[in-house]
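Written below as C-alpha cells is the structure these notes are about.
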Amino acid sequence: MPGRKKINIKGIVQGVGFRPFVYRLATNLSLTGFVCNTTDGVDIEIEGREENLQRFIEILQKDKPPAARIDGIKSTDLTATGEDIFSIVESKVTSGFTQISPDIATCTECISEIRDPQDRRSEFPFTNCTNCGPRYSIIIDTPYDRGRTSMSRFKMCAQCSAEFNCITDRRFHAQPDCCPVCGPSYRLFSISGREIPTDDPVSAVAELLKKGHLVAVKGIGGFHIACDAQNCDSVRRLRQRKNRPTKPLALMVRPSLVHDIVHLTDDEEEMLKSPAAPIILLRKKESRICDGVAPKNPYLGVMLPYAPVHHLILNQIPFLVMTRANIQDEPIVKDASAVRQKLKSLVSHYADHDRAIENRCDDSVGYYLPQHGFSIIRRSRGYIPVPVELPTAVKPTLGVGPYLKNTFALANGREAYLSPHIGDLDNLETLQFFDEMLEKYKRWFRIRPELIVHDLHPDYLSTKIAQGLPGTKKSVQHHVAHFVSCLGENQIKERCIGIAFDGTGYGYDGKIWGCEFFVGDIHEQKRAAHLQYLPLPGGESSIKKPYRIAVAYVYSLLKEKLTITDDAETRIIHRMIDENSNVVYTSSMGRLFDCVSALLGITKEITYEAEAAINLEYTAQDATSDYYPFTVKDEPTMVIEAKDILKAIVSDMKKQIAPAVISAKFHNTIAEFSFHIADRLRTLHGLNSACLSGGVFQNRLLLNMMINRLKRGGFNVYTHKHLPNNDGCISYGQVIAANAEELT
Ligand code: ZN
Ligand code: ZN
Ligand code: FE
C-alpha cells in the first residue's frame, strides 16, 4: 500500500538548491508528489512505498545542500492520491514567513567556470549557481523567487533557461542565474559620471588600480573603495581623503597568496574560506603590503574574494585594500548616484552594474581566539538575516538597540532577527537606513511588534525612535542588556555572574557605567560590583583626548600633576575636578584603558573608537604573570578602587619599567580583580558560572586572560557565540530582558 506524507520544512531552504535536491531525492526513491516554496519555508508532499518515504526523510536531513539549514521538520500522514509524477510547483503565499538565505561567496565550481576560457561564463562577473551567489542583498520580498529579486528585470536567454529547468544541472532553479548574453553587466565611469568606453570594464578597473587610482567598485552588499595595497602612495591618498589616519583598512587577497602576508591556523583558514567569507583579523608577516594599511598593528584584516568580480580583479593585482565606501559614519554606499555625490573627492572612477543592491550589508568581521573559537566583531554579510535563537519564547518584540554600532532585533517566539550593522544613530542617512530595514524586516518575517524596548538613556536617538513607535515601551539598562544577551545566546536559564566591560552606558544612578559585575538571570539582575566612579573632565568630549583622562584620574586619585600636556590645560582640568564642575562620573573600563594608554605615552589622542585601548593591548608583550595591587571595598555593592593600581603604574614608570611590561601587568590586574570579585560572589551567592560581554572584550589579550583566570579558579565561563560582544549584541539582550521581566 503506498502512503502519502505532507512535510513542512523551516530554515534556510530557499535559494540554496533545496527544491532541486528534493526533486532528485524523490525521483531516485521512485516517489511522486510535489515540492514548493511557501512564505513559510518549503512544503513537500510525497507518495510511495512506506520504506522509501522513511528513507526520504532521513536523507533529506543528512545530505541537504551545503548552504541549507533546517530548523524544523513537520510531517503528517495523508491518503495516497495515485499521483504518478514528482514535480516542482509554483510558490505558495501562506500566512507564515520564511527564512532568507544570507549572501554566499562564489563556489569553487563557479570559479573554475570563470577561469575556463572555453566556458560560456568565462570571466563573467555575475556567475552564480544554487550553491553560491547573492541572496539577501537582492531580495525585494519573500518567498524567494527571481520575480521578487532585483534579477527580475533580466530575462533569461534560452541556454540559461534550459539550465534553470534541467534537474541534473547545478543551476536548476538557481534564481539569480544568468550569463553574458542575458545577465547584468559592469560599466566603468569617471567620478563625474562620464562613461569610459571599454570592452572589458573589469580589466580596465584593474589597470586603473595598477596605476595607483582609487576606484569605487560595486559588489554584493555595497560599493568598496579599492586601491593597490602595495602602492603606498595610493594607500596614503586613501587615508588622507577618507580622513582616516590610522584605523586599519581591510584587505582582499588573492587566495593563493594569503600565507605570504599573514600567519594562519587551520581554524582561521576555514573561517576565511567559509560561505560567509568574513574579514578575519590575522597576525601579520613581514610582507610586501604597505605599512599604511594597518600601521603599528600586529594584525591585518583579511578577506578572500567572494564575488566573481573580485576574483577577476585579483587575477591581475594580488592585494587590494577594500574599504567600505562611505563618508564619516554614514551607511555603506549602494548606488551610483550616491557614489557621485558622496565619493567625489575620494575616488577617480567607479565601476557600476545594473543588478540593484536592494539591501545593503557591510562585510562581516571577526577573529579566532585559540582554544575558544570564532568571535565576531561585526555581523553582517554572510550571516544576516539568519535568526538567533532566544532562550525563551517572546511576544512580538522590537529591541531598537544602542546608540552606537546600532543593530535592531525583531523577535517573535524563539527567534530574533537581527538587522545588519546599521551604524551610529546620529546622522540622517543612518536613521533612514534603520527605518528602511525595520519596515522590510517586519514585512519579511511577519512580525508586528507589541513590545518596543529601548535603552535606559532618556536622550538617545534610539530611545526617541522607540517612543515614536506604537506598542508598549520598556527600557533596559545597557550593561544588563550585555549580560542578558550573553546568557541568552548560551541558553542559560539559571543564575550567573555577569561581567560587562565597555566604554559607555547610562546607569540607573544617571552616571556612566562601564566596568560592571552583576548577579542574576534573564529575569532580574543586581549590580554587585563596579569600578569606582572617576571624573571625566568636560564629559564625553574627553574620550577623543585620552591624555585629559590621564591628567584627571592621576590628579583626583594621587593628587599628582602629570606633565602630559601644557600647564594651562592641566590647570583647567585640575580646577574642574577641585570645583566639581563640568565633569561627569564614570565607572567605565574603556576610560581606564584610555587613561593608562595616555599615561604610558602610547596614545594621547585618538582618531577612531578604542584606539588608545587597542594600542595598549598591542604594547603588552611581556610574559609576566605579575599584577598590581588593588583594593576592593565591600558592601553593599563592591567597589574596585583604582588608586593603588594607578599609583603602582606611576611608580613603575618612574623606575623606567618598559611600557610592554606595565601594560601586561595592567591586563593581569584586571583579570585578577575580576576573579577576586567573582570568587567573593561565589561565596556569597553560590554561583559558579560567569558571562563575559562588552566591547572591551574585543581585546584578545584581556579576553584570553579573563577566560583562563576564571577557569583556573573553577568557573564555567560563557562568552558570545553568534553575536559580537560589543554593542552589536544589545538589541538581542533588550528583547530577552524586557520579555523575561514581564514573567517575574
Ligand atoms: Zn556556484
Ligand atoms: Zn543567459
Ligand atoms: Fe556596550
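Just so it is clear, none of the values below were taken in a lab; they were calculated from the coordinates. This one's a predicted model, so the numbers in the text were calculated from it and none came from an experiment. Reconstructed Cβ throughout: ideal geometry from the backbone, glycine too, with neighbour counts over all protein chains shown.
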Item to check | Within segment 478-508, considering residues that are farther than 14 Å from residue 691 by Cα and surrounded by fewer than 24 Cβ atoms within 10 Å (Cβ to Cβ), the one nearest to ligand 2 (Cβ to nearest atom) | outcome: 504
Checklist outcome for this item: residue 258: passes all of (1) closer than 22 Å to residue 188 by Cα; (2) in contact with a Leu (Cβ under 9 Å, 6 or more places away or on another chain) but (1)
Checklist entry - How many residues does segment 497-520 hold that are closer than 14 Å to residue 484 by Cα and touching a residue at least 40 places away in the same chain (Cβ under 8 Å)? => result 8
Checklist outcome for this item: Reported set for segment 391-408 where residues are crowded, with 24+ Cβ neighbours inside 10 Å and not β-branched (Val, Ile, Thr) is 398, 399, 401, 402, 406, 408
Checklist entry - Out of the residues in segment 583-601 that are in a helix (DSSP H, G or I) and over 27 Å from the mean Cα position of the chain (by Cα), which is farthest from residue 614 (Cα to Cα)? => result 599
Checklist entry - Any idea how many residues of segment 522-550 are farther than 20 Å from residue 504 by Cβ and in contact with a helix residue (DSSP H, G or I) (Cβ under 8 Å, 6 or more places away or on another chain)? => result 4
Item to check | Contacts under 9 angstrom Cβ, first residue in segment 634-646 being acidic (Asp, Glu), partner outside any loop (DSSP other than H, G, I, E, B), 6 or more apart | outcome: 634/680; 641/531; 641/557; 641/631; 641/632; 641/633; 644/631
Item to check | Failed criterion for residue 117 (all others in (1) within 15 Å of ligand 2 (Cβ to nearest atom); (2) of a type outside the set (A, V, I, L, M); (3) assigned to a loop (DSSP other than H, G, I, E, B); (4) more than 23 Å from residue 35 (Cβ to Cβ) hold) | outcome: (1)
Checklist entry - buried (at least 18 other Cβ atoms within 10 Å of the Cβ) and in a loop (DSSP other than H, G, I, E, B), is that true of residue 30? => result no
Next on the checklist: Kindly evaluate residue 370 against the criterion of being out of contact with any Phe, Trp or Tyr (no Cβ under 7 Å at 6 or more places or on another chain) and either in contact (Cβ under 8 Å) with a residue 12 or more places away in the chain or surrounded by 19 or more Cβ atoms within 10 Å (Cβ to Cβ) (or both).
Outcome noted: yes
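So that you can scan it fast, the table gives a plain yes or no per residue for (1) under 22 Å from residue 393 (Cβ atoms); (2) in contact with a Gly (Cβ under 6 Å, 6 or more places away or on another chain); (3) not in a loop (DSSP other than H, G, I, E, B):
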site	(1), (2), (3)
430	no, yes, yes
437	no, no, yes
447	yes, no, no
453	yes, yes, yes
459	no, no, no
465	no, no, yes
473	yes, no, yes
481	yes, yes, yes
486	yes, no, yes
Next on the checklist: Within segment 136-144, does at least one residue satisfy the condition of being within 16 Å of ligand 2 (Cβ to nearest atom) and touching a residue at least 40 places away in the same chain (Cβ under 8 Å)?
Outcome noted: no
Item to check | Subset of segment 206-254 [under 16 Å from residue 188 (Cβ atoms) and either polar (S, T, N, Q) or not in a strand (DSSP E or B) (or both)] | outcome: 206, 207, 208, 209, 210, 211, 213, 214, 219
Checklist outcome for this item: Residue hits (segment 255-275; out of contact with any Lys or Arg (no Cβ under 7 Å at 6 or more places or on another chain) and outside any helix (DSSP H, G or I)) are 264, 265, 273, 274, 275
Checklist entry - Does residue 142 satisfy the criteria of being polar (S, T, N, Q) and surrounded by 14 or more Cβ atoms within 10 Å (Cβ to Cβ)? => result yes
